[in-house]
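Just so you know, all these numbers are worked out from the coordinates, no wet-lab data involved. The structure presented is a predicted model; accordingly, all values stated were derived computationally and were not measured. Reconstructed Cβ throughout: ideal geometry from the backbone, glycine too, with neighbour counts over all protein chains shown.
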Amino acid sequence: MGKLIINQEKVGNIQDLISICPFGALEEKDHKLQINAACKMCNLCVKKGPKGAVVFVEDSVESIDKDQWKGIAVYADHIDGVIHPVTYELLGKARELADKVNQPVYAVMMGHHIGSQCEELLHYEADKVFVYDQEELDRFRMEPYAKVFEHFVQMIKPAVILVGATPVGRQLAPRVAAKLRTGLTADCTILDINENTDLVQIRPAFGGNIMAQILTPNHRPQMATVRYKVMNAPERKEAARGEIVQCHTAAEVLSSRVTVLDIIPKEKEQYIEASEVLIVAGRGIKKEEDLAMLEELADLLGGQVACTRPVMEAGWLDSKRQVGLSGRTVRPKLIITCGVSGSVQFAAGMNNSEQIIAINKDENAPIFKTAHYCLVGDLYEIIPDLIGRMKESRSAGISSLAAAAAR
Amino acid sequence: MNILVCIKQVPDSNKVEVDPVTGVLKRNGVESKMNPYDLYAIETALRIKEQLGGEITVMTMGPNQASGVLKEAFAMGVDHGMLISDRKFGGADVLATSYTISQGIQKTGSFDLILCGKQTTDGDTAQVGPEVAEWLEIPSLSNVSKILELKSGSMIVEMDMTHDVEIAEIQYPCLLAVEKDIYIPRLPSYVKKQETKDREIRILTIADLEDQDEMHYGLNGSPTQVQRIFPPEVNTHREVWNGDGDELTAKLLAKLKELKFA
Ligand SMILES: Cc1cc2nc3c(=O)[nH]c(=O)nc-3n(C[C@H](O)[C@H](O)[C@H](O)COP(=O)(O)OP(=O)(O)OC[C@H]3O[C@@H](n4cnc5c(N)ncnc54)[C@H](O)[C@@H]3O)c2cc1C
Ligand SMILES: Nc1ncnc2c1ncn2[C@@H]1O[C@H](COP(=O)(O)O)[C@@H](O)[C@H]1O
């Protein structure tokens, strides 16, 4: 909280100071240094400029009582009672954070006829599950859902709220955050918590070239969204623990200016997020037909083919198969990239994969910084050969089995 | 139909890096362009206007140079432009940005429809649109992939929700965040660019807004604060394999077997 003040007499060489600002927010006017509206308050001019030239003046702010806010809450994302698995990942994370500060884990679920489904959350170590089971909440509609969310927050006062970055979560969380006049950090990749319950939120910025560590130091609740497959999925516990708390909001406040007319399930597609093995086609693949060999390899390994953005843009594969910042985040057990340079935008979507194998002709390709096994070579020499050998050893395996069975 | 489109100027390349030693941002080439996703919002506005008539205003919050994207929108056929700009807006997070935009909108007039892009390529949160709608207390829908019907008091739209397609009717005034590919954006026209060369752009500063309390804007109005920036981690377990195709294939197959994938 504060503002920047310029002490002209300490500026020295104006141009030197101007060049420090990465946002072009410093300019010279009538031989004086000025700050314009491009300022992002990054304070680099304060830190890197001549001492005292630009100073940051702190305004005192009334601080909030953080002890009034307790618990790590997770929004249970679901469609017609089918809980999105990101919810479990977030419950796992919530448990970890809650244990650090010795606070409870909550889940909040809203919908209609969700009585039995909400119990599933108790297998993932939620201490309390707050359930709003009302006709008006049958399907996700922004206004009533945001109202109910607000009701929950005012009743429970959680310190932290985690929401999955699903199509619903990505629009519900910001509306709730604005309603509560609090901060919301999108697409966090790392979450931690300080002793004073400040949530440490880390997310990629500027297209993944930079990681930013963000705090919400003087507001509660603190809100963050996390994409599916970014946090670890916890084991489902055999025994349910914790309790279900039935909640209710007055039907009058649940009106909406949106009417859901229809929900049409899309044809069952295979999601690359769900695949344990991915073979990624990059621009090193010369022509569309060559994707067939990657398909064949994927079949042999029980996986699917994914791609980089240029391959999607060429129209060779659907955008749903694109991995990366503007595509999907994946976390398979094995990923083999073929002719992928490994731009930060691509890597941002796959660098949590368990085993990363990269094939690239160029030994300096950035993908080799991300990969665990770096094959410096021509994919056209490796892939067809690999397929051949795998088939061979497979049929050998089958015939030796058959031979053993015949004995 | 009175339509407002929120657009943003973003860095043209993502060649922004952090110096790992000093922690300083390095920005090579600060060329700017319109956020590509906002072109779809503008195109959507133009299509609706072609059908129903009315006027389109584009607005952006940013430094003076950001008026470039308003001019680009004029060359696509937009009627009016508005820039919300003040040093006091610097360092705004999503809450402060959306509040500033909503204050600006309230000062500009009343709109039946507000359109936003899916997300920006620099902020990349997809949160500004829904938060603007909350400040204005109007309904909103994101992921809008088709406009199916325009009625007098409402519209019917289709949304792409990953696993299913949802069809909903929403009453005016409302805010929609549209998907890429809702319509193919037209190119700016040279003729229109010439015609609109001198068209005035309305500029709003904090002094023009209803709420002039500095504590509600920029860094002061932002609950979230960036504590530090750092380069992404690089992985430490790494094996580099060189050799001819034959050797590499053999090694790869052995590894796949060891990891129990083959
Ligand atoms: C805001 C923003 C968001 C983006 N989001 C994404 C995203 O989500 N996903 C994404 O993928 N990209 C994204 N990009 C684009 C990204 O920056 C890169 O341009 C892209 O990932 C490059 O794809 P590529 O690796 O397939 O192609 P290239 O960079 O062209 O790399 C091809 C590689 O193949 C190698 N090669 C060529 N022939 C062979 C061969 N025979 N054998 C072995 N290797 C070979 C070359 O050495 C080269 O390294 C984004 C960009 C921006 C600015
Ligand atoms: N500074 C801004 N000025 C005008 N519109 C903006 C601004 N920032 C974001 N928007 C709008 O909000 C959408 C989502 O942005 P973001 O939340 O940054 O991903 C964009 O596509 C724009 O329509």
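Descriptive notes on the structure:
- Estimated inter-spin distance, residue B:137 and residue A:63, nm [label 7 Å along Cα→Cβ]: 3.5 nm
- Between the stretch A:50-81 and the stretch A:139-201, the Cα center-to-center distance that results, in Å: 12 Å
- Along chain B, longest interval not containing exposed trypsin sites (Lys or Arg not before Pro), exposed being DSSP loop plus at most 10 other Cβ atoms within 10 Å: B:1-150
- Choice from B:162, B:108, B:125 with maximal GNM fluctuation in chain B (Cα, 10 Å cutoff): B:162
- Listed by chain and number, the lysines whose C-alpha is less than 27 Å from the C-alpha of residue A:369, apart from same-chain residues fewer than 8 away, are A:229, A:286, A:287, A:320, A:333, A:361, B:15, B:26, B:251, B:255, B:257, B:260.
- Each DSSP beta bridge with both residues in the stretch A:66-254 is either parallel or antiparallel, and the antiparallel ones are about 30%.
- With the helix formula -39500 (n - 2.57) applied to DSSP H stretches of n ≥ 4, the protein assembly as shown reaches a computed 222 nm mean residue ellipticity of -8000 deg cm²/dmol.
- If you sort the three axes of the alpha carbon gyration tensor as a ≥ b ≥ c, you get a/c of 1.5 or more for chain A and a/b no higher than b/c, which makes it oblate.
- Label point at residue A:261 placed 7 Å out along Cα→Cβ; residues across the stretch B:117-154 whose backbone nitrogen lies under 16 Å: B:141, B:144-154
- Shape class of the stretch A:2-58 from the Cα gyration tensor (axes a ≥ b ≥ c, square roots of the eigenvalues): rounded, since a/c falls below 1.5.
- Cβ neighbours within 10 Å from other chains - mean over A:164-177: 6
- Cβ-derived FRET efficiency at R0 25 Å, residue A:270 paired with residue A:119, nearest 0.05: 0.25
- In plain terms, if you count all Cα to Cα distances in chain B and split them into 5 Å steps from zero, the share in each step is 1, 5, 11, 15, 16, 13, 10, 8, 6, 4, 4, 4, 3, 1, 0 percent.
- Modelled label reach - residue A:299, point 7 Å along Cα→Cβ, the stretch A:253-290 residues with backbone N closer than 15 Å: A:290
- Tensor-based shape of the stretch A:66-254 (alpha-carbon gyration tensor, a/c under 1.5 rounded, otherwise prolate or oblate): rounded
- Most simply put, the protein assembly as shown has about 40% antiparallel DSSP beta bridges, counting only bridges with both residues inside it.
- Between residue A:245 and residue B:213, the distance separating the two model label sites (each 7 Å from Cα on the Cα→Cβ line) works out to 3.1 nm.
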